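Heads up, the thing below is written out as structure tokens.
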Amino acid sequence: MEENKPYVSPQAEDQTDVLEDNGCSLVLYNDDVHTFDYVIKSLVDICRHTVEQAEQCAILVHCHGKCAVKHGSYTDLLPMHTALLNKQLTSEIIEN
């Protein structure tokens, strides 16, 4: 071990990587245009939700105006965000 560098256990480095990698959320916003079925199908197809997860997210979006539908790294969430936008759904990636 070098004298100038502090010791960091490999386990601590792994934990740091997990925190950095999962530091974003994909948030879906409510609109007055799309049906529940459209939103549910989109979440199943794009975010790989189960039907039950997608239904719960759609209800939360409807009741609260928004819902974090997926958590992960920015790189992992970006294609899902783009796909939701392509389906005319309003979403954004936010840093946690």
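Every number in this text was worked out from the coordinates using simple rules, so none of it is lab data. Owing to the predicted nature of the structure, the values given are computational and were not obtained by experimental measurement. Cβ: placed from backbone, ideal geometry, glycine included. Neighbour counts: every protein chain shown.
A compact table of results
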| read-out | value |
| --- | --- |
| Gained length - Thr75 relative to Val51, 0.36 nm times residue gap less alpha-carbon distance | 6.2 nm |
| Sum of side-chain charges, Leu28 neighbourhood, beta-carbon under 10 Å (Lys, Arg +1; Asp, Glu -1) | 0 |
| Förster-model FRET efficiency, 22 Å R0, Leu85 and Asp32, C-beta, rounded to 0.05 | 0.80 |
